[in-house]
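K.L.:
I have a structure here, written as structure tokens, and I will follow up with some questions on it.
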Amino acid sequence: QYATAASQGTAPAQDAVIQAHTLGIGTANPIYYDMENYRRSTANSGAVLAFLQAWTEQLHVSGYLSGVYSSGSSGIADLVANYGTTYVEPDELWTADWDSSAPTTPPTSPANPYVPAADWPGTHQLLQYWSDPGRAAETYGGVTIGIDRDYVDAPTAAYGSGTLVTQVNGSPALTIEPQANGWVDLMPSWAAQPGI
């Protein structure tokens, strides 16, 4: 509901800051909110926009950047519709566009049909693509799972100092351990990135 959306946006931002501090992620880092797909309507869009603006404003007050992950056809479309107005936009956008494909010329941002090229210029966008398991199936420990792909052309969080990491240093690793109960433990690490 629109009447309570702002306070509902402020509270998770405050909690996210506490969690970031606990993890050693300092100020000046982005924190992303996952606003899943929703049916756009005057009431729904108004409530979501009030929530996300409160999220962004609280993160800014706390010294963090604001990021929003959402479907291109709902949350991203509503944010784009307000770009260039007095609405307080997030600093970073993470668009879910499952019909899109991988970029062909990194580090150039992939084409995003939901965000005009003039909006969020530079390195402020991430793109999730290929979530169809038939196109992005991978097998680990004998288990085949569908993997969402993400293209990152925006700051990611740095441990401790709050310095934004925009360059890839070293290579990440993923340890996979199938468990007797059928679960699979995934343990990421990145030697060149402290805190991961």
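K.L.:
Please verify whether Ala6 is crowded, with 16+ Cβ neighbours inside 10 Å, touching a Lys or Arg at 6+ places or on another chain (Cβ under 9 Å) and free of Cβ contacts under 8 Å to residues at least 60 places away in the same chain, treating the condition exactly as stated.
P.N.:
The answer is no for Ala6.
K.L.:
Take Val80 and decide whether it is touching a residue at least 12 places away in the same chain (Cβ under 8 Å), closer than 19 Å to Ala118 by Cα, surrounded by fewer than 19 Cβ atoms within 10 Å (Cβ to Cβ) and among the hydrophobic types (A, V, I, L, M, F, W, C).
P.N.:
On the way: touching a residue at least 12 places away in the same chain (Cβ under 8 Å): yes; closer than 19 Å to Ala118 by Cα: yes; surrounded by fewer than 19 Cβ atoms within 10 Å (Cβ to Cβ): no; among the hydrophobic types (A, V, I, L, M, F, W, C): yes.
In short, no.
K.L.:
What's the number of the only condition in (1) farther than 21 Å from Thr95 by Cβ; (2) open to solvent by 50 Å² or more (accessible area, probe 1.4 Å) that Gly24 fails to meet?
P.N.:
Only one criterion is unmet by Gly24, namely (2).
K.L.:
Condition first: over 21 Å from the mean Cα position of the chain (by Cα), at pLDDT 80 or above and either crowded, with 18+ Cβ neighbours inside 10 Å or not in a strand (DSSP E or B) (or both). Now tell me which residues in segment 124-162 satisfy that.
P.N.:
In the first step, residues of segment 124-162 are kept if they are over 21 Å from the mean Cα position of the chain (by Cα); the result is 134-135, 137-145.
With the extra rule that they be at pLDDT 80 or above, the set shrinks to 139-144.
Listed by number, the residues that qualify are Gly141, Gly142.
K.L.:
Mind counting the residues in segment 36-59 that are open to solvent by 60 Å² or more (accessible area, probe 1.4 Å) and either among the β-branched types (Val, Ile, Thr) or farther than 27 Å from Asp97 by Cα (or both)?
P.N.:
1
K.L.:
Look at Tyr33 and say whether it is open to solvent by 10 Å² or more (accessible area, probe 1.4 Å) and modelled with pLDDT under 95.
P.N.:
no
K.L.:
Taking Ala16, is it farther than 13 Å from Ile76 by Cα, crowded, with 19+ Cβ neighbours inside 10 Å and in contact (Cβ under 8 Å) with a residue 24 or more places away in the chain?
P.N.:
Numbers: farther than 13 Å from Ile76 by Cα: yes; crowded, with 19+ Cβ neighbours inside 10 Å: yes; in contact (Cβ under 8 Å) with a residue 24 or more places away in the chain: yes.
Yes; evaluated as a whole, the condition is true for this residue.
K.L.:
All but one of (1) open to solvent by less than 60 Å² (accessible area, probe 1.4 Å); (2) modelled with pLDDT of 60 or more hold for Ser171; which doesn't?
P.N.:
(1)
K.L.:
So which residues in segment 83-99 are farther than 15 Å from Phe51 by Cβ and either of a type outside the set (Phe, Trp, Tyr) or surrounded by fewer than 15 Cβ atoms within 10 Å (Cβ to Cβ) (or both), if there are any at all? Steps first, please.
P.N.:
Here is the first cut: in segment 83-99, the residues farther than 15 Å from Phe51 by Cβ are 83-86, 91-99.
Matches in segment 83-99: Tyr83, Gly84, Thr85, Thr86, Asp91, Glu92, Leu93, Thr95, Ala96, Asp97, Asp99.
The values are calculated or read from the model by the stated rules, or taken from the named source; none is laboratory data. Remember, predicted model here, so these are calculated numbers, not experimental data. Don't worry about glycine lacking a Cβ; one is built from the backbone with ideal geometry, like all the others, and counts go over all protein chains shown. Heavy atoms of the whole protein, side chains included, go into the accessibility calculation; ligands, DNA and RNA do not. Shrake-Rupley method; radii C 1.70, N 1.55, O 1.52, S 1.80 Å.
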